[in-house]
Amino acid sequence: MIIKKVKDYMSAPIYVIERNEPIQRARNLMFKYGIGRLPVLDGGKLVGIVTKYDITNRLNQAAPEWRRRPIDKVPIQVVMTEKPITIFPDATMPQAAELLIENGISGLPVERDGEIVGMVTSRDMVRYFSEQDLKATVGDLMSKNVLSVHRHHTIGHVLDEMNVQGQSRALVYEDNSTPVGIVTRSGLTFSEIMGPKDEMETKNIKMTRKESTGGRKQYRSIKQMPFVAEDIMTSPILTIGSEEKAIQASRTLVEKNIIGMPVMDKGEVVGYFSADEIISEIGRWK
């Protein structure tokens, strides 16, 4: 493998946000520029970081004080992670991978002389990995821990399961062995299910009577129902076989601008190949 430095792959310049700015602005920046985290500054000094994870968890937050304040009024400092771990531009990519693994995070602000000069993320790790020459297959690296939910499970249930199992995505099933879609934290963050008061919106379902003698259904009422997995899932999804070369699979991730794919053999899901597994592999390189 070829060992390169963080400065060769980091994104720069990057978008930042002040600690007193509202959560809505952070969400808008993430949506507009397709980014998953923002360094939080206070007078030009790094004091925290806010991620898609922080925002999606708010969707399932039940504390009354949160319900009373719309997200254009709640400051970033309420949900940010304080004192984020940083890395230097001349550190190696394997060193960055080790920090990501040890701290259970997916991005690192890059700091030089007290100034934030870039960001290195899991997507950059995938790009770095895709340029290597390794013989490992998808099956060698894939995770066998795959979260599955039914298409009618509520978004609250999906979020709870993600948090309990430490997952950033869930495969959505109907009733057979083939997934019909996937729910990711990115999809949740950038969806329209977050209402103006930072609550999960409901959808209106028309309740009908039995067919009349004329063959037409008579609408009786409209019922509000919570959003479910099928409302937010991405479908169809890309899959991959366990025998494919891991490098080629990582190139597909880069090309499609995604960070993971289910692994299927003989029509059944046997694992998941994603940036997480790629970072774990890079972290072993010295």
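Between Asn257 and Ile3, what is 0.36 nm times their sequence separation minus the Cα-Cα distance? Round to one decimal in nm.
Working: separation 254, 0.36 × 254 = 91.44 nm, distance 2.32 nm.
Here the answer is 89.1 nm.
Any chance you could run the full-extension gain for Thr178 through His152? It's 0.36 nm times the residue separation minus the Cα-Cα distance, nm to one decimal.
Values: separation 26, 0.36 × 26 = 9.36 nm, distance 1.57 nm.
That works out to 7.8 nm of additional length.
Taking R0 as 35 Å, what's the FRET efficiency between Lys83 and Asn145 from their Cβ-Cβ distance, rounded to 0.05? Can you show the working numbers first?
Details: r = 30 Å, r/R0 = 0.85.
E(calc), rounded to 0.05, equals 0.75.
When a footprinting reagent is the concern and you count Cβ atoms within 10 Å, what order do Arg185, Arg251, Arg284 take, fewest first? Before the final figure, lay out the partial values.
Working: Arg185 21, Arg251 16, Arg284 11.
Least to most surrounded, the residues fall as Arg284, Arg251, Arg185.
Give me Thr92, Thr184 sorted ascending by neighbouring Cβ count inside 10 Å, so fewest comes first.
Thr92, Thr184
List the residues, sorted by chain then number, that are 5 or more residues from Gly181 or on another chain and whose placed amide H is less than 5 Å from its amide H.
Val172
Which pairs, out of Lys52/Lys83; Lys5/Lys32; Lys4/Lys45; Lys5/Lys256; Lys4/Lys135; Lys45/Lys73, put more than 21 Å between their alpha-carbon atoms?
Values: Lys52/Lys83 17 Å; Lys5/Lys32 28 Å; Lys4/Lys45 28 Å; Lys5/Lys256 24 Å; Lys4/Lys135 19 Å; Lys45/Lys73 23 Å.
Those over the limit are Lys5/Lys32; Lys4/Lys45; Lys5/Lys256; Lys45/Lys73.
Could you pull out every one of the aspartates and glutamates with an alpha carbon less than 14 Å from that of Lys286, ignoring same-chain neighbours closer than 8 positions?
Glu98
Magnitude of the Cβ-charge dipole of the range 6-130, K/R +1 and D/E -1, about the Cα centre, nearest 20 debye?
Roughly 700 debye for the range 6-130.
Only the coordinates and a few stated rules stand behind these numbers; no lab work does. Bear in mind the structure is a predicted one, so any value in this text is a computation, not a measurement. We place every Cβ from the backbone using ideal geometry, glycine too, and count neighbours over all the protein chains shown.
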